[in-house]
Amino acid sequence: MQQPIMTDERFLSKPSEPATTDDLHVAVDLADTLAAHADSCVGMAANMIGVGKRIIVFSDETTGRNTVMFNPRIVERSGEYETEEGCLSLTGMRPTVRYERITVTCQTRRFREVTATFDGFTAQIIQHEIDHCNGILI
Ligand SMILES: [Zn+2]
């Protein structure tokens, strides 16, 4: 179910806790909320709907689908560049540093561990959402 967007920067600045199989419903809410904001938003982290768990959902440019990741972490990155980003929880555009190519290890909906490499815009979204899990705002 769609949830309201958290904008409290104090809450958003706290690192999230590891997600477990008890949090599968959070991923459903997160995907529903992203779908409701599809015109203005390409990814979300669970703390953006007020749940301090390490779960992200993002629109994958290559598949055109929304992908959910539990406990994602970047294990490799290359190609540093500077850019500007916006965020549904914040106002305006802000400068940030990203990497062109990243390798991410995470768990799927079935809590199977997978590792995958992303580049370009999809990689940028994932980096923004993993930052949210770590309490980092642009
Ligand atoms: Zn954001």
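Dividing the Cα radius of gyration by the Kirkwood radius, what Rg/Rh value follows for the stretch 36-137?
Details: Rg = 12.8 Å, Rh = 13.8 Å.
We get a ratio of 0.93 for the stretch 36-137.
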HN-Hα J couplings of the stretch 13-28 from phi, Karplus 6.51/-1.76/1.60, θ = phi - 60°, integer Hz, Gly and Pro as x? 8, 8, x, 7, 8, x, 8, 10, 5, 5, 9, 4, 5, 5, 5, 5
So, with +1 on the Cβ of K and R and -1 on the Cβ of D and E, and no other charges, what is the size of the charge dipole of the chain about its Cα centre, to the nearest 20 debye? 360 debye
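First measure r as the distance between the Cβ atoms of MET93 and HIS25, then evaluate 1/(1 + (r/R0)^6) with R0 = 25 Å and state the FRET efficiency to the nearest 0.05.
Working: r = 33 Å, r/R0 = 1.31.
According to the calculation, E is roughly 0.15.
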What is the set of long-range amide H partners of GLY50 at a cut-off below 5 Å, with H atoms built 1.01 Å from backbone N? MET6
Based on alpha-carbon centroids, what's the gap between the stretch 74-136 and the stretch 1-34 in Å, whole number please? 16 Å
Length gain on complete extension for the stretch THR117 to GLU61, per 0.36 nm per residue less the alpha carbon to alpha carbon distance? 18.8 nm
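How long are the semi-axes of the ellipsoid equivalent to the stretch 1-56, from square roots of 5 times the Cα gyration tensor eigenvalues, in whole Å, largest first?
Working: eigenvalues 58, 43, 14 Å².
Taking √(5λ) for each eigenvalue gives 17, 15, 8 Å, largest first.
FYI, it's all coordinate maths here, none of it is from the lab. Worth saying up front: this structure is predicted, and the values here are computed from it rather than measured. In this analysis, Cβ positions are derived from the backbone assuming ideal geometry, glycine residues included, and neighbour counts consider all displayed protein chains.
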